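Values in this text are rule-based calculations from the coordinates and carry no lab data. Please read these numbers as outputs of a predicted model, since none were measured by experiment. Note that we place each Cβ from the backbone using ideal geometry, even for glycine, and neighbour counts take in every protein chain shown.
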Amino acid sequence: MDVKISKFYKGAKALYSFVFDDGCYLDSTLETYEAFKKVEKETGVKIKATSAQTVNFINGELKATWDKLLAEGVYDISAHSVTHCLCYNLDTPEQKRRYEAEESKKLLEKMYPSQKIISFVIPNGDDTKEGREILKDYYFATRSGHDYINDVDNLDWYNIGTFTAKFGYSLADYTENIDKTIEKGGWSVQLNHWLSHKEKDAFHAQKADTFLPECIYLAKKCLTDDICVTSFNEAVKYYRERECAKIEIISKTDREVSLKINCPLDREIFNERLTLEINSPEKVTVTQKTDTPSGILTADLAVYEKNGVFYADVLPNTEIDIAF
């Protein structure tokens with residue numbers, strides 16, 4: 001029996017994430033929400049996206065909407081600065097760049113107590129090496145504006161690339177990017193601002209009539225295990241954990257192995273389940289043992305099979321028993 005941490009969440013071949021910048025487009029946000037709900041109803045696939053929020057753009061009405069969406073688990077939050085300033089170039093004083101980085105995290109966590117702000121989205125992709133160095137003091141990852149499909153085995157955490165949605169793109173442009181992501185076995189982060197039905201509002205917008213069919217196409221690819229869709233922050237957590245985690249074998253026989261996935265990261269923040277990939281000649285059972293204040297909690301985990309390989313989603317820093 002051979003056990004390792006899967007390259008992709010849920011044992012998929014690739015990964016896709018939606019990020020919506022600015023956070024201030026109310027009608028468009030509600031339209032994306034309705035699209036996600038329709039996709040879930042039609043396919044059973046739940047899409048969760050990341051809203052990159054500019055603090056000064058969020059008013060009372062927007063805040064109430066985001067509280068609802070966060071509670072439903074449709075979105076999570078990333079920082080997009082306080083003022084949306086173009087402050088990560090060399091012409092801006094370091095004090096200003098540091099203010100935008102530090103205060104956006106602090107203020108967003110105060111606005112949304114349920115959220116740990118772990119990532120930063122650079123306004124206008126206006127970034128330099130020096131600007132990203134400042135962001136490392138506050139965030140675990142930074143999404144840049146550069147256009148490429150990310151190699152998850154060699155992630156540059158402070159220059160994570162994007163596929164930028166544009167009004168002129170056809171549905172084929174979006175589905176082609178999904179297919180390329182699967183072909184390359186990478187992680188694609190789609191940058192959206194808002195959805196628009198009008199060409200005059202097209203700056204950094206996606207045509208509204210391409211979004212729902214794109215999401216349905218993506219969801220159907222999820223159902224065939226070609227790709228998995230997660231929020232940007234969920235992917236950051238998964239790959240940070242995967243990068244740092246080590247499998248410790250506690251005991252092993254011909255038919256059973258006990259192990260622990262040791263991960264040194266802050267457990268309050270890095271609580272994403274890792275997918276174990278188990279090569280076994282027979283179907284396996286997976287039991288997770290978790291230390292709690294009242295004792296050890298034991299739970300049998302769901303095991304799913306893909307192409308003769310077994311997978312189970314487990315929490316780091318827990319003991320896992322695998323048997324067949």
Of TRP66, TYR138, ASN124, farthest towards positive along the dipole that unit charges on Lys, Arg, Asp, Glu beta carbons give the chain: TRP66
Simple spin-label estimate for GLU61 and THR290 in nanometres, 7 Å along Cα-Cβ: 4.1 nm
Cα point-scatterer Debye curve for segment 98-212, base-10 log of I(q)/I(0) at q = 0.14, 0.17, 0.19 Å⁻¹: -0.71, -0.96, -1.08
10 Å binning of all Cα-Cα separations within segment 245-323, expressed as whole percents from 0 upward: 18, 52, 26, 4
Where only C-alpha atoms are counted, convex hull volume of segment 124-190 per residue in Å³: 83 Å³
Order by protection proxy (mean Cβ within 10 Å, highest first), peptides 97-107, 53-63: 97-107, 53-63
Percent of C-alpha pairs per 20 Å bin, the chain, short to long: 31, 56, 13, 0
Sum of side-chain charges, GLU42 neighbourhood, beta-carbon under 15 Å (Lys, Arg +1; Asp, Glu -1): +3
Sorted peptide list for 132-143, 172-183, criterion being average Cβ within 10 angstrom, highest first: 132-143, 172-183
Three-way shape call for segment 1-93 based on the alpha-carbon gyration tensor, with the a/c threshold at 1.5: oblate
Cα centroid separation, segment 218-271 to segment 9-64 (Å): 23 Å
Tensor-based shape of segment 180-324 (alpha-carbon gyration tensor, a/c under 1.5 rounded, otherwise prolate or oblate): prolate
Tilt relative to the chain, helix 26-43 - C-alpha long axis, 0 to 90 degrees, to 10: 30 degrees
Selected from VAL189, VAL303, VAL39 as most flexible by GNM, with the chain as the system and alpha-carbon contacts under 10 Å: VAL303
GNM flexibility winner over the chain from ASN262, ASN307, ASN159 (Cα, springs under 10 Å): ASN307
Rounded to the nearest 20 debye, dipole of the chain from Cβ charges on Lys, Arg, Asp, Glu: 260 debye
